[in-house]
Structures are given as C-alpha cells and as structure tokens.
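Notes for the one structure printed next.
The values are calculated or read from the model by the stated rules, or taken from the named source; none is laboratory data. The structure displayed is predicted, hence computed values, not measured ones. Cβ coordinates were reconstructed from backbone atoms using ideal geometry, including for glycine residues, and neighbour counts include every protein chain displayed.
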Amino acid sequence: MGAELGAIAERLFTRVMAPLVLGGAMRPGPAIGARAALALGDGRAPADRELATLVEVGRVRRARRLAPVDTVPGPTAAEWALAAAFNDLVQSASPAFDSTLRRRAAARILACAGETLDRIAPPASVGEALARHSWFARALDVTRSDTRVTWWAGDRTFRGVDPPLRLQRWARLRRVSVSRMPVRLLDVYPLAVEREHLEDVVRRFLARSPLTDLATSTREAPAFEWNGSLLALVGARGGRTLAHRALDRLDAAQVDVVLERATRTLLESEARSLATPAVELVAERARRLEVLSREDSRPGRLRA
C-alpha cells in the first residue's frame, strides 16, 4: 500500500499540484477516491526536489500578494487530500465519460470527490488558509482546450485532446482551419454528470479553501455564499485583513454586489445568528472605500 500511495502522490504532484501553481498543462490521472486521498498523510515530500522548489517559490509569490511571508509549509495532509479531490472532480468532467455505459462511472468519481471533501477539516488558522490558497488560487482558472478542425469536405471537434496530424496535412490544398478554444470546468460540454452536482462539489471544494473562495467571489458559478469556514476566516482579525486584500484585487462594484447579496441571504436564513463576521467585513469595506474616495478627491492629488 505504501508504494502505491507513493506512486499516487508523485503523479498527483507532477500532473495536478505543480501545474496549478506554475501553470502549464494539467493532466489529471485516474480517480483516487477518499480512502487513498486521506491516506496520503502529512509530511510527504515530492521526489522531484527541483520541481518542488519551483512550486514552493511559486506558492510564496502567490501568498505574498496578500501577506508578507517568505516561506510556506506543506504540502500537508489536508492539501494532499484537497488536490486528490480536485483531481477526481476534474476527471468526472472528462468527455471520455460521455456515453451511456460510462456516465455512472463519472457520477461515482464525482461522488468520491465530494466524500473526500466532506472529510477534510476547514483551515484551523489564518496561516493555514493562506497556505491552502497558495496551492489552489488558480483552481477555477483551469480550462480544457477544445479544438475544431475544418477542411473542404467537413469538420471535427476534439475535446481535451490534440487533433491527429493527418487532418492537418495539405492545409492550403484542403483549406484546413484549426481553431482552439479554452473551456472552463463549469462550462464544459458534453458533461456526463449533472451540472448542478458538479457545481455543488466545486462549492464544497472552495469551502475548504475559504481565502480562494473570497478571492474568486465575483465568479459566475458557483455563486458566492457565506459558509462556516468563510465566517471563521473573516471572524479573525488577521483573516479579515487578508480578505480585504483579496477583495481589493477584484472589481469593486462587482464585489459590493456579491457581498451585499450573500450577506442579505445569510441574514434572512436560519444561520443569521452567525452573520456578525460577514456584516463587520462589509461595514469595514464600506468605511475603507469611503476613506480612499475622500483621499482621491483631495485638491492637488496626483495619480500615476
């Protein structure tokens, strides 16, 4: 079992975790499942030390956008498990499952991702929330590259795979045109699983990295909403500081709309007694923006 977990970890690190931080092609592997994901454990170090160093530097750069840190820990057991859940989540949306006989397999893989997430505790500290964000800040930026090849006699679309070279030969004579289009995870089509279920698992993934949830709050789907891990983060003074810095990097008008809607929904729900951190964040943000507006309107103030 130890050798098998080691192989899973190496594949997960090189094909999913490193590309999430550094960019480039991400190639999710076979479904990992909750049991193996949670058994990867704490303190496991990737075998490729050169790649691990590059990833650490990339994570520090990401973290320093929000806090003056020089190092980041990990990967921790929770971060390994989150990466495994993300691998399974993405895998469930593969076009390879879009057939009558394989749709059930996609649904099982997505359910496994959800099971893994449900067994991962929210970050226990502001530092842990920042560390998780340094891994998964770009999770919602992951896209599948779809390619459409047209020629004088027809066309074909290749979803997530490169078209064969034979279709691109004699390009001028056959009037070959190749167009590539990036498709975000929640926009992929065809989809073998229920789109609402996929959105729900993405929402549960974000809840395990609340700083990432806030930093992507202006996304179209899944719609931003307050949850326990988010309220715990902004309920801490340091967490609220990071939250303001993350929100400041987004379009201010969109942020105001999103926060107002989510906070109103929370206040109208049965969990309204827990809404104090959200209300305080919104109030602080309003005061900060008012101060900045007054400073910008002072006579003689120059802007670069």
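Just to be sure I understand, how many residues within region 230-250 are surrounded by fewer than 15 Cβ atoms within 10 Å (Cβ to Cβ) and part of a loop (DSSP other than H, G, I, E, B)? So the count comes out to 1.
Go through THR241, THR276, THR212, THR265 for me and flag whichever is within 25 Å of the chain's Cα centre (by Cα) and farther than 20 Å from GLY127 by Cβ.
Values: THR241 fails: farther than 20 Å from GLY127 by Cβ; THR276 fails: within 25 Å of the chain's Cα centre (by Cα); THR212 fails: farther than 20 Å from GLY127 by Cβ.
Only one candidate passes the filter, namely THR265.
Checked across region 79-92, the condition of being at pLDDT 95 or above, crowded, with 18+ Cβ neighbours inside 10 Å, in a loop (DSSP other than H, G, I, E, B) and within 18 Å of the chain's Cα centre (by Cα) holds for no residue. Residue count for region 95-121, restricted to those that are touching a Pro at 6+ places or on another chain (Cβ under 8 Å) and either assigned to a loop (DSSP other than H, G, I, E, B) or crowded, with 24+ Cβ neighbours inside 10 Å (or both): 1.
For region 208-219, indicate whether the set of residues that are assigned to a helix (DSSP H, G or I), touching a Pro at 6+ places or on another chain (Cβ under 8 Å), in contact (Cβ under 8 Å) with a residue 60 or more places away in the chain and exposed (fewer than 15 other Cβ atoms within 10 Å of the Cβ) is non-empty. Scanning region 208-219, I find no residue that is assigned to a helix (DSSP H, G or I), touching a Pro at 6+ places or on another chain (Cβ under 8 Å), in contact (Cβ under 8 Å) with a residue 60 or more places away in the chain and exposed (fewer than 15 other Cβ atoms within 10 Å of the Cβ), so the answer is no.
With respect to the stated conditions, ASP146 is at pLDDT below 90 and more than 18 Å from the chain's Cα centre (by Cα). Of the residues making up region 16-30, those that are modelled with pLDDT of 95 or more, buried (at least 16 other Cβ atoms within 10 Å of the Cβ) and not β-branched (Val, Ile, Thr) are MET17, ALA18, PRO19, LEU20.
What about SER179, is it closer than 17 Å to VAL90 by Cα and outside any helix (DSSP H, G or I)? Considered against the rule, which asks whether it is closer than 17 Å to VAL90 by Cα and outside any helix (DSSP H, G or I), SER179 comes out as no.
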